[in-house]
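Before any comments, here is the structure.
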Amino acid sequence: MKHDNYREDIAGRADVADTPELVAYYQQLTALNTGALWTVANKIEPWQPKSASVPVLWRYRELREHVLRSVALVTPEKAGRRVIYLNNPGRQEVAAAVGWLYSGLQVMHPGEAASAHAHSASALRFIMEGRGAYTIVDGHKMPLEANDFVLTPNGTWHEHGVEADGATCIWQDGLDIPLVNALEAGFYKVHPDLRQPVTAPVDDSVALWGAAALRPHHVGWDKPYSPLFKYQWGPTYEALCRAAQACEGTPYDDLLMHYTNPVTGGHVMPTIGASMQRLRPGFVGKAHRHTGSFIYQVAKGEGYSVIDGQRFDWRERDIFCVPSWAFHEHVNLSQHDDACLFCFNDLPVMQSLSLYYEDALLENGGHQVILSEGKA
Ligand code: 1HN
């Protein structure tokens, strides 16, 4: 296709043929812990981003029973966290779901709790099913329901549980663990009491900071993450539906809203951003690509996404990933119902390091040629 644009046998690219003399020279350099740049230059300076991750769809109806089985196999006390993690075939050595992002499905029975700990990695949860789940973040307790999005930012004490009168809960965890480990900045501590006291009224974070466009006058905030820890599904969905009445949306994402830090208007955490998007009934998106790694969960509806030429059909609770610089386009297969996609990503990292690039597909009416069909 475009391969001629990326030839390596041109001026400006490394193109040195081996000779016996050069090979001997390279061996001498290796012995001194050095190397000739031209032997690796084209590999370490690709023409454009080359993700090691592959697009993957994790079907909830295939995963759910395995996640539930873990309840009988291990306790949260012994496991620390009872989680089945999403393992991208291209990223197994760093346990990433895509790029430098980790994700997993955590399950808890009524009356169970996972002990309090803190780490330099940032984390989030997106609630999938159940009743009576809660998270406590630095003394702030929050009850959680399906499609709620909750932060456990870097450095905060956090623990989770399900109330005794609740029902088995499953939620998706998202963390920047692979990134933090790549940067060699991972710290981890267990709370000395294994539990933290609840020191604030339940849901005070939502009460104080959760009113759209209103900021409390007398309460300051100087942490690098959002003081609003929980973003509830009800107001999020309502905001998307109302905005859809007021504007067109984009050809790629239809109507997409970023969850924001109400103090800054910026991303919710320094390293992880998140969004919820609504694809109107019958929406057929065009393809674009950008840098950064993206993990989606289908919060509502049915459709498919074409990622790097592969079609993935999804329905509610399925999870899929879009690697950096992979073309992707989303389609809502229903003519009557909208579809909503929750997404978390490393956009704050890409943007703050000036590494965010974006590109629309211009050929073929803005649609990828589908090279393989994902099974429904
Ligand atoms: C973690 O702290 C949680 O708090 C879940 O529930 C998954 C995976 C890796 C590292 C820390 C949690 C995690 C994690």
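Just a few scattered comments:
- Within the stretch 1-52, the only residue that satisfies the criterion of being in contact with a Ser or Thr (Cβ under 8 Å, 6 or more places away or on another chain) and assigned to a helix (DSSP H, G or I) is 26.
- Cβ-Cβ distances below 7 Å connect the following pairs, each with a first residue in the stretch 4-27 that is within 19 Å of residue 45 (Cβ to Cβ), a second residue that is surrounded by fewer than 10 Cβ atoms within 10 Å (Cβ to Cβ), and a separation of six or more residues or different chains: 15/9.
- Apart from one condition, residue 15 fits all of (1) surrounded by 13 or more Cβ atoms within 10 Å (Cβ to Cβ); (2) at pLDDT 95 or above; the exception is (2).
- Inter-residue pairs, beta-carbon under 7 Å, first aromatic (Phe, Trp, Tyr) and in the stretch 156-180, second within 12 Å of the ligand (Cβ to nearest atom), 6+ apart: 157/116; 157/118; 157/191; 171/106; 171/125; 171/133
- When we screen 47, 38 for residues that are touching a helix residue (DSSP H, G or I) at 6+ places or on another chain (Cβ under 6 Å), surrounded by fewer than 18 Cβ atoms within 10 Å (Cβ to Cβ) and of a type in the set (Phe, Trp, Tyr), the only hit is 47.
- The one condition in (1) under 27 Å from residue 336 (Cβ atoms); (2) not in a loop (DSSP other than H, G, I, E, B) that residue 289 fails to fulfil: (1)
- Some residue of the stretch 345-352 being in the same structural domain as residue 244 (by TED's automatic domain parsing) and in a strand (DSSP E or B): yes
- Of all residues making up the stretch 295-316, the number that are in a strand (DSSP E or B) and over 17 Å from residue 360 (Cα atoms): 15
- Qualifying position, being within 23 Å of residue 259 (Cα to Cα), surrounded by fewer than 21 Cβ atoms within 10 Å (Cβ to Cβ) and not hydrophobic (A, V, I, L, M, F, W, C), among 280, 311, 289, 317: 280
- Residue count for the stretch 242-260 satisfying the condition of being within 23 Å of the chain's Cα centre (by Cα) and either buried (at least 23 other Cβ atoms within 10 Å of the Cβ) or within 14 Å of residue 340 (Cβ to Cβ) (or both): 7.
The values are calculated or read from the model by the stated rules, or taken from the named source; none is laboratory data. Everything numeric here is computed off the predicted structure, so don't read it as measured data. All Cβ positions, glycine included, derive from the backbone under ideal geometry; neighbour counts span all protein chains shown.
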